[in-house]
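Participant: Questions regarding the structure given below will be posed in turn.
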Amino acid sequence: MRKLPFDKAKLEQIAAEYPTPFHIYDAKAIRENARRLKKAFSWNKGFREYFAVKATPNPEIMKLLKEFDFGSDCSSMAELVLAERVGNTGEAIMFTSNDTPAEEFVKAWDLGAIVNFDDVTHWPFFLDALHRVGRIPAAIAEGANPLSSRLFCCRYNPGPLKGGNAIIGKPEEAKYGFTRDQLFDGYAAMRDAGVRRFGIHAMVASNELDPDYIVDTARMLFELVGELHSRLGIDFEFVNIGGGIGIPYRPDQRPIDLEAVGRGIERAYAELVSGAGLGAVKLFMECGRCVTGPYGYLVSRVLHLKNTYRLYAGLDASMSNLMRPALYGAYHEIVVPGKENATETSVYDVTGSLCENNDKFAIQRMLPVLERGDLVVICDAGAHGHAMGFQYNGKLRSAELLLEDDGSVRLIRRAETLDDYFATLV
Ligand SMILES: *Cc1c(COP(=O)(O)O)cnc(C)c1O
């Protein structure tokens, strides 16, 4: 049984002030985990984690992570603006987008972000977008090149050269990134346009719990940096191994050994970067899930119990508060505070109220015998949880709360109201 940072009495006290459903994040646990992540990679001078904003796009969470000098990995206008508002600008932003609109490239440029290109055609598209709004001249004069001080990156998709992973799929079926050949063309085009500062990126896994898979990604990129350097004569400032480090959603899974990932990448670095004389290359990553995922909870209450062909526990939350189970059949552990040690159990489908039969948080799950009004805590909702929320069926997005180190609770996003829902109608 999962250990929660609150007991039933505490949770009832919180729920008296903030009605269910709500998401609550454990600040202390997020800080401890951030410290641990940094330490695992402290052997690399310049190591930086760029928190994937999409996982938990709340400025209070981003500010908390900024205490550890985490940057922001952004992929949309709103995420760029969020980063800007929390004071992450310049190279504290990694702009890893795809199918990118011109105005987002311009915003990233204006913020001084590191721009990570998803496709070989995006480089000319980017130059054209900047030129159209007067950020760069049509013809760049020798010596006064505004591109030369900026840091640019390409996203590599190894295709069949790397095996697949359940959530993100096989690399050759993924829409992201450059092929291997395109990488050489892309970097050459940038170099010829006067770019002098380069990085490389790949994100080929999602929710990966095998340390070797992450280490292999780093190894693949280090080798590629060596080849790009020797063929194109360019130097690399960083290697960004992307996000995708997993968390143990299921009770039989173990957390990934971050220290082993750190040591494995350190060994690969010694061999392929230091050993190959490639200079001081910084290691970057852009994890979301493993930074906040285990430290956020969706708290809900049993609204109805229904006994038909199955037993159903209907909650006051629905998949609009946490979409992962419906979207990918994801497993989320469910704890019933106050009944942690219950000996009597029953098998339930735990549902929300959407008019969609896949609105289920759990299917045929063994739980303590439930009663109406019981508080139910859905674990591991701290990343890609509230963030994926939507308003289908007129369901409003819930509040987000922060459980501070001293046990106090702070509202960091209020719940939506009907006025919010109707606000965009003309
Ligand atoms: C989603 C995403 C991340 C974060 O992934 P996690 O699984 O949350 O670590 C990082 N980078 C890119 C480009 C992404 O799309």
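Participant: Of all accessible surface on the chain at a 1.4 Å probe, what whole percent is carbon and sulfur?
Facilitator: 50
Participant: Considering the dipole of segment 27-293 built from charges on the beta carbon (Lys and Arg +1, Asp and Glu -1) around the Cα centre, which of Ala202, Ala174, Pro251 is farthest to its positive end?
Facilitator: Pro251
Participant: Let me ask something additional. Multiply the residue gap between Arg254 and Phe422 by 0.36 nm, knock off their C-alpha separation, and tell me the result in nm, one decimal place.
Facilitator: Between Arg254 and Phe422, full extension yields 56.1 nm more.
Participant: Hey, another quick one. Rounded to the nearest whole Å³, what is the per residue volume of the convex hull around the Cα atoms of segment 1-159?
Facilitator: 186
Participant: Run a plain Debye calculation on the chain (Cα atoms as equal point scatterers, no solvent) and give log10 I(q)/I(0) at q = 0.09, 0.12, 0.13, 0.14 Å⁻¹, rounded to two decimals, same order as the q list.
Facilitator: -0.61, -1.00, -1.13, -1.26
Participant: Could I ask something else about it? I'd like the Karplus ³J(HN,Hα) series for segment 282-287: coefficients 6.51, -1.76, 1.60, θ = phi - 60°, whole numbers in Hz, and an x wherever there's a Gly or Pro.
Facilitator: Each residue of segment 282-287 in turn: 7, 9, 10, 9, 9, 7 Hz.
Participant: Another one. Take the Cβ-Cβ distance between Asn98 and Glu404 as r, set R0 to 30 Å, and report the resulting FRET efficiency rounded to the nearest 0.05.
Facilitator: For Asn98 and Glu404, the calculated efficiency is 0.25.
Participant: Going highest first, how would you order 45-56, 17-28, 180-191 by mean Cβ packing within 10 Å?
Facilitator: 45-56, 17-28, 180-191
Participant: Still on this structure, I have one more. For the pair Ala144 and Asn358, what calculated FRET efficiency results from E = 1/(1 + (r/R0)^6), where r is the Cβ-Cβ distance and R0 = 60 Å, to the nearest 0.05?
Facilitator: Approximately 0.55, to the nearest 0.05.
Participant: I would also like to ask the following. Ranked highest first by the average count of other Cβ atoms within 10 Å around their residues, in what order do 130-138, 102-110, 116-124, 203-211 fall?
Facilitator: 203-211, 116-124, 102-110, 130-138
Participant: Another one. Roughly how big is the chain's charge dipole about its Cα centre, with Cβ charges of +1 (Lys, Arg) and -1 (Asp, Glu), in debye to the nearest 20?
Facilitator: Computed charge dipole of the chain: roughly 400 debye.
Participant: Among 71-81, 380-390, 2-12, 243-253, how do they line up by average Cβ neighbours within 10 Å per residue, starting with the highest?
Facilitator: In descending order of packing, they fall as 380-390, 71-81, 243-253, 2-12.
Participant: Next question, about the same structure. Can you give me the C-alpha center-to-center distance between segment 357-404 and segment 319-338, rounded to a whole angstrom?
Facilitator: 6
Participant: How many angstrom separate the Cα center of segment 252-272 from the Cα center of segment 172-233?
Facilitator: 19
Participant: Give me the percent of DSSP beta bridges within the chain that run antiparallel, rounded to the nearest 5.
Facilitator: The antiparallel fraction comes to roughly 40 percent.
The values are calculated or read from the model by the stated rules, or taken from the named source; none is laboratory data. Since this is a predicted model, take the numbers as computed values, not measurements. Counting neighbours? That spans all protein chains shown, and the Cβs are built from the backbone with ideal geometry, glycine included. Each accessible area value is taken on the protein alone, full model and side chains, heavy atoms only, with ligands, DNA and RNA left out. Shrake-Rupley method; radii C 1.70, N 1.55, O 1.52, S 1.80 Å.
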